[in-house]
Amino acid sequence: MEIRKVLVLRGPNYWANFPVLEAWVDLGPLKDSPSDELPGFNERLKAWLPTMIEHRCSIGERGGFFERLRRGTYQAHIFEHVSLELQTLAGTDVGFGRTRETAEEGVYKVAIEYLDEAMAKASLDVSRRLCLAAVHDQPFDVAAEVVPHG
């Protein structure tokens, strides 16, 4: 998984009437690997970020994102949610995110709301590393990576 580029959209934009980052994410060899087909992935992600139980996702209720993980969803969508959760854990109240395919196979546009631009950009990097650690069953220390806002 690689972040190809990040656009900083500071005002009203295609995605929302508030600032978002638009990350172009290339899933590479993970493009055909939904979460339900990666052994232990969902369990690791839920253990590292249990507060994502609050993400309603498209299902519209508490636990919705965890249900999407169980059914199988792709890394770009997971990356979106992890990026938002990392910002939340750092003390900023954000919740808007969208993931859309591009015309290029395995490449997605991922939009995430932000309040602090530098923190949001950092959350993208940490999110990528966390997702890859969960895929490859490597250790990851979330607490060491989250820097409180303020």
Taking the stretch 62-95 and the residues there that are without any contact (Cβ under 8 Å) to a residue 24 or more places away in the chain and among the acidic types (Asp, Glu), the one that is most open to solvent (accessible area, probe 1.4 Å) would be Asp93
Which of the numbered conditions does Arg56 fail, given that it passes all the others? Conditions: (1) modelled with pLDDT under 95; (2) in contact with a Leu (Cβ under 6 Å, 6 or more places away or on another chain).
(2)
If you go through Gly28, Gly97, Gly91, Gly40, the only one that is at pLDDT below 95 and not charged (D, E, K, R) is Gly91
Filter the stretch 1-50 down to the residues that are polar (S, T, N, Q) and farther than 20 Å from Val126 by Cβ, then identify the one that is most open to solvent (accessible area, probe 1.4 Å).
Asn17
Hits in the stretch 96-150 - residues which are open to solvent by 70 Å² or more (accessible area, probe 1.4 Å) and either among the β-branched types (Val, Ile, Thr) or under 26 Å from Gly60 (Cβ atoms) (or both)
Arg98, Arg100, Glu101, Leu115, Val147
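The values are calculated or read from the model by the stated rules, or taken from the named source; none is laboratory data. All values derive from a computational prediction rather than experimental measurement. Neighbour counts are summed over all protein chains in view; Cβ atoms, including those assigned to glycine, are modelled from backbone coordinates with ideal geometry. With ligands, DNA and RNA removed, areas are computed over all heavy atoms of the protein, side chains included. Shrake-Rupley method; radii C 1.70, N 1.55, O 1.52, S 1.80 Å.
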